[in-house]
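Below is one structure, written out as structure tokens; the observations come after it.
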Amino acid sequence: MGSDCVKELSLHILDIVQNSVKAGASEIEIAINEDIENNLLTISVNDNGCGMSKEFLSTVRDPFSTTRTTRKVGMGISLFEAAAVQCGGHLDIESEQGKGTKLSVCFEYDNIDRAPIGNMAETMVTIIMGEPNINYVYKHKKADKEFVFVADEVKAALDGVPLDTPEVLNWIRDFISEGLSDAGINM
Ligand SMILES: Nc1ncnc2c1ncn2[C@@H]1O[C@H](COP(=O)(O)OP(=O)(O)O)[C@@H](O)[C@H]1O
Ligand SMILES: [Mg+2]
């Protein structure tokens, strides 16, 4: 078993969403689909950020492909892909410069090496804390059940209170974790 598979999938999601934030996205959609009937777990992150050129996109799975300057090796995408491949799945990326990026990863749902999804309520709070002004849409399906969180809907209800205040973040954490368990999506 590769050590990459030990990392909870939510930590990979955090890495991938941070790429979308750096790409200047104003809207980021995170979708998880637990398709048990077809033994598939699909995770996708779509953004309307700056996108990548065809040239860059063709090398982006390579760990040495990065535009970051603090270290020479970019890791987010290549580690997520490695985790998927080791668990019987794969990673796809589509990107268009000036339009955005769609990344999707699938795993064999019951693969013994597949890491757990992890704590998505906590992950969403961490994401929002890092950059509260983005409209995050989080959709989580399991069989015929679905939970949806839309950051802009929360913002509209808050009447100008920023999302990154402790009370609001605590409310969001509870809203997501209760929403998931009410929908029967136990994490
Ligand atoms: N959603 C995205 N939009 C635009 N560029 C992206 C996106 N995701 C990744 N990239 C580009 O691909 C590079 C590699 O990403 P990644 O594998 O996560 O490594 P790192 O973030 O450490 O550079 C990034 O540096 C960035 O240039
Ligand atoms: Mg990254």
Give me the residue from region 48-60 that is of a type outside the set (G, A, S), more than 8 Å from ligand 1 (Cβ to nearest atom) and part of a loop (DSSP other than H, G, I, E, B) and, out of that set, nearest to E27 (Cα to Cα). N48
Given the criteria near ligand 1 (Cβ under 10 Å from one of its atoms), under 30 Å from D182 (Cβ atoms) and outside any loop (DSSP other than H, G, I, E, B), does L79 qualify? no
Tell me which of these K141 doesn't satisfy, since it passes every other one: (1) among the charged types (D, E, K, R); (2) in a strand (DSSP E or B); (3) within 16 Å of ligand 2 (Cβ to nearest atom). (3)
Does region 84-101 contain at least one residue that is within 16 Å of ligand 1 (Cβ to nearest atom), touching a helix residue (DSSP H, G or I) at 6+ places or on another chain (Cβ under 6 Å) and among the hydroxyl-bearing types (S, T, Y)? yes
Of all residues being part of a strand (DSSP E or B) and within 16 Å of ligand 2 (Cβ to nearest atom) in region 12-33, which is farthest from S78 (Cα to Cα)? Just the residue, please. I28
Name the residues in region 138-164 that are out of contact with any Gly (no Cβ under 9 Å at 6 or more places or on another chain), surrounded by fewer than 13 Cβ atoms within 10 Å (Cβ to Cβ) and of a type outside the set (D, E, K, R), would you? A156, A157, G160, V161, P162
From the option list V60, V45, V17, V85, single residue qualifying as at pLDDT 90 or above and farther than 18 Å from T123 by Cβ is V85
Hits in region 162-184 (condition: touching a Lys or Arg at 6+ places or on another chain (Cβ under 9 Å) and among the β-branched types (V, I, T)): none
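The values are calculated or read from the model by the stated rules, or taken from the named source; none is laboratory data. Since the model is a prediction, treat every value here as computed from it, not as a measurement. A quick note on method: Cβ atoms are made from the backbone with ideal geometry, for glycine too, and the neighbour counts reach across all protein chains shown.
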